[in-house]
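See structure below.
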Amino acid sequence: MTKLYLVSIDIGNREDITLRALNILKNVDNLVCEEYKIGKRVMRAYDLGEKNLLQLNEHSKDEDVDELISDYLLKGKDLALFSDTGTPVFADPGFKLSQRAYNLGIEVVPIPGASSLMAAIVKSDIEMKKFYFYGFVSPKKDIREKELLKLKHFPNPIIFLEAPYRLKQLLTAIKKSMGPKRYINIILELTTKNEKIVRGNIKDVLSYFEKKPFKGEFVIILDSK
């Protein structure tokens, strides 16, 4: 039976890929990535050889997903989808492809592995027996502030993701909506040589990044108090 593999790769340290993931990437001829440039870099890093590299990202149209279904999966050709980093489909464009595959009776096979979400939870000093994964807030200022205000009195820690260049804007919005004293963790560049955690109240953490601007991958964990 034709399969759509959802393959987790590393989140920064190339050694953090599983043997199973490598095996799938090496044996499936048709790979789906988010960006060709990064996809080719992944292929070189893991010595995958010659592959048919396809692209699916936030700019892709429904017709692009249909083509992947009709030209490959419905013709008996397996696809292996991977994100720029970490676990695919979770908060990324691969969801549409997996959803349509399910609806057509195509087998969808997750290949688990590295996840910035789980790595951040483990590294955090905030108790995470229960938490709420919010993901990405709106990039539009007014909508973003309304979203955050609704979360102000949420009883559990909240996890946010954001684009690498929007850290200061998001922290500014959190401070305005939640107040300056809420405790927060910013986990930076997980698994890389630059991995770091910045902890403290929102006011102090924002001040830190105003003095030391940061552009890179990060996860935000906001405490409930």
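At a glance:
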{"item": "Sequence-distant residues sharing a close amide H with Y5 (under 5 Å, placed H)", "result": "L79, A80, L81, V109"}
{"item": "J(HN,Hα) series, region 5-14, from Karplus relation 6.51 cos²θ - 1.76 cosθ + 1.60, nearest Hz, glycine and proline x", "result": "8, 10, 9, 7, 10, 6, 10, x, 9, 4"}
{"item": "Bridge type composition, the chain - antiparallel percent by DSSP, nearest 5", "result": "45 percent"}
{"item": "Table column - 3J(HN,Hα) (Hz), region 154-164, Karplus curve with 6.51, -1.76, 1.60, x for Gly and Pro", "result": "5, x, 10, x, 10, 10, 10, 10, 7, 4, x"}
{"item": "Ratio of the Cα radius of gyration of region 116-222 to 2.2 N^0.38 Å, where N counts its residues", "result": "0.98"}
{"item": "Integer Hz, Karplus 6.51/-1.76/1.60 couplings in order for region 46-58, x for Gly and Pro", "result": "9, 6, 7, x, 7, 9, 8, 9, 10, 10, 8, 9, 5"}
{"item": "Structure-based [θ]222 nm, the chain - -39500 (n - 2.57) summed over DSSP H runs of at least 4, per residue, nearest 500", "result": "-10500 deg cm²/dmol"}
{"item": "Rounded to whole Å, sorted largest first: equivalent-ellipsoid semi-axes of the chain, Cα gyration tensor", "result": "35, 19, 15"}
{"item": "Range of Cα positions in region 57-190 per principal axis (Å), largest first", "result": "57, 32, 26"}
{"item": "Estimated FRET transfer efficiency when R0 is 35 angstrom, pair N103-K196 (beta carbons, to 0.05)", "result": "0.25"}
{"item": "Whole-angstrom gap from region 18-32 to region 151-189, using each part's C-alpha centre", "result": "36 Å"}
{"item": "Loop-located chymotrypsin sites (Phe, Trp or Tyr not before Pro) in region 117-225 whose Cβ has at most 13 other Cβ within 10 Å (DSSP)", "result": "Y165"}
{"item": "5 angstrom amide H check on G200, placed H, neighbours 5+ away", "result": "I184"}
{"item": "GNM flexibility winner over the chain from K211, K77, K146 (Cα, springs under 10 Å)", "result": "K211"}
{"item": "Summed residue charge, Cβ within 13 Å of G113's Cβ, Lys/Arg positive, Asp/Glu negative", "result": "-1"}
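None of the figures in this text is laboratory data; all of them are computed from the coordinates on show. All values reported here derive from a predicted model rather than from experimental measurement. No Cβ is skipped: glycine too gets one built from the backbone with ideal geometry, and neighbour counts run over all protein chains shown.
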